[in-house]
Amino acid sequence: MSAALILRGLVKEYVRGKRVLDGISLAFDPAGMTAVIGPSGTGKSTLLRCVNRLVEPTAGEIIFGGRDIAPLKGRALREARRQIGMVFQEYNLVERLTVMENLLSGRLGYVPAHKAWLRRFPQEDVDRAFALLDQVGLTGLANQRADALSGGQRQRVGIARAVMQNPKLLLADEPTSSLDPKTSVEIMALMREVGRQHSIPVIVNMHDVELARRFADRIIGMSGGRVVFDGAPVGLTDDVLKTIYGGESWLH
Amino acid sequence: MAALSTAAGRVALRPSVWARVGWVLLAVYVVYALGRLDFSWPRFVTGLDNGARFFARMLPPRVAQPDSLLQGLTESLEIAILASCIGILLSLPIGLLAARNLMPAWASWPARALIAATRSFHPVIVAIIFVKAVGFGALAGIGALVVGSVGFIGKLFAEAIEEISLKQVEAIRATGAPFMNVITYGVMPQVFGRFIGFATYQLDSNLRNSTMVGIVGAGGIGGTLFSAFQRFDYDFVAAILLSIIAMIMVGEVLAAWVRGVFLEKGKVEEE
């Protein structure tokens, strides 16, 4: 299988000389769920946001869709972003718009400005949106305002919005950190299901190691801006976790 | 840290010395300024007496020139509504350009400078300039009030945009949406309600200002009022003032209706 995403020597310095990402090189298969774990501030979120260029990398290559997207600008960058769906920790829905409008905003990379303003999306997009609503378990909520939903419901909308883009890659930045344990499991299951159904890789940032073990096919452990573990969940022993997070008392 | 645990260190809510000094200085200045402005008690009493006589001549109100009054009122209304529409339309892009959290410095600084400049002058002063430029009449009045509207709405709109949650904007950007779509879906829903509030406030303000620009020849009821005043037709003046009050109240109802249409709770704005 050729890789869906390759990172080569990815570096990010927010402050000159202080590397948050210290030369990350990784390859991701076109299927399966990868969980990125590590202590707060170690660059997990930065890593994900460099991929869709919400954060500008300082150096390195991001090979996606057959080309390096790191230096892209303007229209080319937007076309690359259309292919990458992102789910956020705080859902990042447009609170005042309805669920349907939030879903359709996933298509904003394809719809011209005046049509978007008038809410004239192609019928097939609207049909797909309704189908997706059913799939994520939010049937009947199409006209509810986003701020009237619970956290779990909002994240489902967030996932559906990302899927509306028909992406080749799904990124999730701590998607369950604001959710209760049961809802977290449901959301992880939904993302894994989406990845399988659309045959796209899913890369998830998370804090919950047990959740990562349960759902991910591959775990990447980061510490100090570097990858210190890269393998199957079974390889995630206590010693490895100590290397990643430091300290012992939290393990027992 | 030791100070926290002793009794002496535990005084709360003590007013600062500098605040007290400030108040005293302010009181001293007020007294001094009153003295300089020839504000004396006898003058005040005479003024009250003159005021009472003047007021008596205004009653009963008499519509001396109905045509002139009606024409003046309609012109004021037209000036106010046209100036508000044009001003609102212009202040949208200008306010957007002035938002520092969305725009690069080369866009936001000129926009902010423009807004600051338009806010510096009272509408009447701007009206004088417009009368010089485009001649007497309603066009000058509209121009003056457009300038004022852009300044007011533009500033508040820019500030409202600077307070939005950028998370929503980030999510829309991440879908590959072009700039205008990011604005329409990520920014506008967050500020549209407040924008409508500013716009209706400015409509009301323009109604009041439109009665005034006529005094310098820029159209509207102000001209009628001023000439009635100069002819000592005080009862006509009273009639004009009452009709202005009526017009403003109509404007209030209109503004409330607009707010009701656009800001219905729970309803999506553009539906």
Qualifying positions in the range B:91-117 - surrounded by fewer than 21 Cβ atoms within 10 Å (Cβ to Cβ) and within 16 Å of the chain's Cα centre (by Cα): B:Ala116, B:Ala117
When residues of the range A:61-117 are limited to those that are touching a Lys or Arg at 6+ places or on another chain (Cβ under 6 Å) and more than 10 Å from chain B (Cβ to nearest Cβ), the one farthest from B:Leu263 (Cα to Cα): A:Glu61
Residue match in the range A:8-30 (condition: in contact with a helix residue (DSSP H, G or I) (Cβ under 6 Å, 6 or more places away or on another chain) and within 14 Å of A:Asp173 (Cα to Cα)): no
Single unsatisfied condition, A:Ser199 versus (1) over 16 Å from the mean Cα position of the chain (by Cα); (2) among the polar types (S, T, N, Q); (3) closer than 22 Å to A:Arg107 by Cβ: (1)
The listed residue being in contact with a Gly (Cβ under 6 Å, 6 or more places away or on another chain) and either part of a helix (DSSP H, G or I) or surrounded by fewer than 23 Cβ atoms within 10 Å (Cβ to Cβ) (or both), out of B:Asp204, B:Asp235: B:Asp204
Flag for A:Val36 being part of a loop (DSSP other than H, G, I, E, B) and either within 13 Å of chain B (Cβ to nearest Cβ) or β-branched (Val, Ile, Thr) (or both): no
Residue tally, condition more than 28 Å from A:Leu169 (Cβ to Cβ) and buried (at least 20 other Cβ atoms within 10 Å of the Cβ), over the range B:157-184: 4
Every residue from the range A:144-161 that is of a type in the set (Gly, Ala, Ser) and touching a residue at least 24 places away in the same chain (Cβ under 8 Å): A:Ala146, A:Gly151, A:Gly152, A:Gly158, A:Ala160
Residue among A:Gly225, A:Gly195 that is in contact (Cβ under 8 Å) with a residue 40 or more places away in the chain and on the phi > 0 side of the Ramachandran plot: A:Gly225
Qualifying residue in the range A:208-216 (condition: in contact (Cβ under 8 Å) with a residue 60 or more places away in the chain, within 22 Å of A:Ile24 (Cβ to Cβ) and assigned to a loop (DSSP other than H, G, I, E, B)): yes
Some residue of the range B:113-134 being among the charged types (D, E, K, R), farther than 13 Å from B:Ser210 by Cα and free of Cβ contacts under 8 Å to residues at least 12 places away in the same chain: yes
Within the range B:28-63, tally of residues that are in contact with a helix residue (DSSP H, G or I) (Cβ under 9 Å, 6 or more places away or on another chain) and of a type in the set (Val, Ile, Thr): 1
So B:Gly222, is it within 17 Å of B:Leu90 (Cα to Cα), in contact with a helix residue (DSSP H, G or I) (Cβ under 8 Å, 6 or more places away or on another chain) and away from chain A (no Cβ under 14 Å): no
Residue list for the range A:41-61, restricted to those being out of contact with any helix residue (DSSP H, G or I) (no Cβ under 7 Å at 6 or more places or on another chain), in contact (Cβ under 8 Å) with a residue 60 or more places away in the chain and either assigned to a loop (DSSP other than H, G, I, E, B) or of a type in the set (Lys, Arg) (or both): A:Thr42, A:Gly43, A:Lys44, A:Arg49
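Bear in mind that the values in this text are calculations on the coordinates, not laboratory data. Just so we're clear, the structure is a prediction, and the values are computed from it rather than from any experiment. Methodologically, a virtual Cβ is constructed for each residue, glycine included, from the backbone with ideal geometry; neighbour enumeration extends over all protein chains shown.
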